1. Among 214, 70, 132, which one moves the most in a GNM of the chain with springs linking Cα atoms closer than 10 Å?
2. Picking from 129, 271, 66, which is most flexible by a Gaussian network model of the chain using Cα springs under 10 Å?
3. Please turn the phi angles of segment 186-194 into ³J(HN,Hα) values with the Karplus equation 6.51 cos²θ - 1.76 cosθ + 1.60 (θ = phi - 60°), one per residue in order, whole Hz, x for glycine and proline.
4. So, counting K/R as plus one and D/E as minus one, what does the shell of residues with Cβ under 15 Å around residue 212 add up to?
5. Express the Stokes-Einstein translational diffusion coefficient of the chain in µm² s⁻¹, to the nearest whole number, given a Kirkwood radius over alpha-carbon pairs, 37 °C and a viscosity of 0.692 mPa s.
6. How tilted is helix 95-105 with respect to the longest principal axis of the chain? Cα atoms for both, answer in degrees (0 to 90, nearest 10).
7. For the charge dipole of segment 249-322, defined by +1 on Lys and Arg C-beta atoms and -1 on Asp and Glu C-beta atoms about the Cα centroid, which residue among 305, 254, 281 has the Cα displaced farthest towards the positive pole?
8. If the reach is capped at under 24 angstrom between alpha carbons, list the lysines near residue 115, excluding any in the same chain fewer than eight residues apart.
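Derivation of every value follows stated rules applied to the coordinates shown; laboratory data play no part. These figures come from a predicted structure and were not determined experimentally. A quick note on method: Cβ atoms are made from the backbone with ideal geometry, for glycine too, and the neighbour counts reach across all protein chains shown.
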Amino acid sequence: MIEISNLQKSFNERKILKNISFTIDDGEICGLVGRSGAGKSTLLRCINGLESYDAGSLKIDGFEVKNHSEKEIRQFRKNIGMIFQSFSLMERKTVYQNVALPMECWGYGKEEIDKRVKELLKIVDIEDKIHEKPRSLSGGQKQRVAIARALTLHPKILLCDEATSALDPKTTQSILLLLKKINETLGIAVVFVTHQMSVVRQICHKVCILENGEIMAKGAVNEVFMDQPQSLRNLLGENEEVILPQDGVTIKISYSGENVNDRLLSDMAQKIGVGFSLVWAKTEKYRDTVLGFVIINVDKNHISLVDKYLNDVGARWEVLTNE
Ligand SMILES: Nc1ncnc2c1ncn2[C@@H]1O[C@H](COP(=O)(O)OP(=O)(O)OP(=O)(O)O)[C@@H](O)[C@H]1O
């Protein structure tokens with residue numbers, strides 16, 4: 001379990017992380033998102049003990065990460081694997097040798113290394129490239145090797161720094177599926193720093209949105225995406241321009257596949273006898289649920305009935321325009 005409480009970090013008097021608090025439970029996947037320079041990588045480096053922090057607490061399974069000897073930190077880092085956008089493989093070594101490296105550094109015997117490397121190459125589905133050098137591999141294959149290497153010492157946590165940002169969409173999908181499988185079968189917690197919201201939607205249980213070193217929103221992914229806090233809107237941008245009607249009241253309704261069924265609007269029309277015009281709608285698939293977003297326009301005389309109905313069924317909604 002990762003427990004971060006009021007964490008603060010400055011570089012040259014400049015506050016980079018301000019009062020960061022959140023927890024990641026064992027086996028959870030947490031997305032850390034935010035604009036460039038928000039402090040995501042610094043936070044990741046604090047988690048694996050590469051960077052210290054000025055105040056607050058960062059505990060992993062009860063172990064406060066800062067103020068330890070080199071030896072203690074080295075031992076602690078065995079619990080944490082890390083993968084990067086740039087893969088960071090050793091070009092002169094083969095796939096086998098790259099994956100074997102952490103175990104060699106820790107002085108494991110040849111036989112144990114051989115068994116573990118082959119087992120991992122099978123998990124990441126790249127056994128056929130065992131004797132190749134990184135230069136002959138595609139980006140996705142290189143990331144598979146990097147994932148295998150990150151898992152050699154049986155870590156409890158995998159930190160991913162923009163791990164899919166250099167990959168095309170199809171390869172990104174296959175790496176996300178692999179990380180999901182690893183999370184589910186090995187129970188490893190994953191912290192995923194990314195700019196790609198699709199990554200958060202598809203594999204993360206939780207998300208933290210960082211802005212200028214502060215957490216602006218955090219929580220279960222479907223909750224945060226349904227609430228659409230300003231920090232999330234800032235990140236998503238205005239990529240869909242919807243033309244809103246000039247008269248009546250235009251409202252946006254958000255609902256999840258768990259608490260409101262897809263007959264929400266037709267039921268509303270039937271039960272309260274109110275018509276509406278559909279302005280825009282979309283559904284999005286998340287890890288464990290589907291979210292629906294609908295914009296409708298109703299006569300202003302009917303808005304109190306609509307208000308009551310939507311509150312009764314537990315849908316979230318907001319007024320976009322009111323004539
Ligand atoms: N070692 C350092 N010394 C001084 N300033 C640093 C150092 N490392 C990071 N910073 C500064 O801290 C801020 C946060 O950097 P960080 O790399 O954590 O952001 P980020 O959210 O990961 O950005 P990106 O998405 O571009 O990787 C930036 O303004 C950066 O310049």
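1. Sorting by GNM fluctuation, first place goes to 70.
2. Between 129, 271, 66, it is 271 that shows the largest mean-square fluctuation.
3. 9, x, 7, 6, 10, 10, 10, 7, 7
4. On the way: positive: 9, 14, 15, 18, 35, 40; negative: 211, 214.
Charge balance in the 15 Å sphere: +4.
5. Roughly 149 µm²/s, to the nearest whole number.
6. Value to nearest ten degrees: 70.
7. Result: 281, furthest along the dipole toward the positive end.
8. 78, 93, 129, 133, 142, 156, 180, 181
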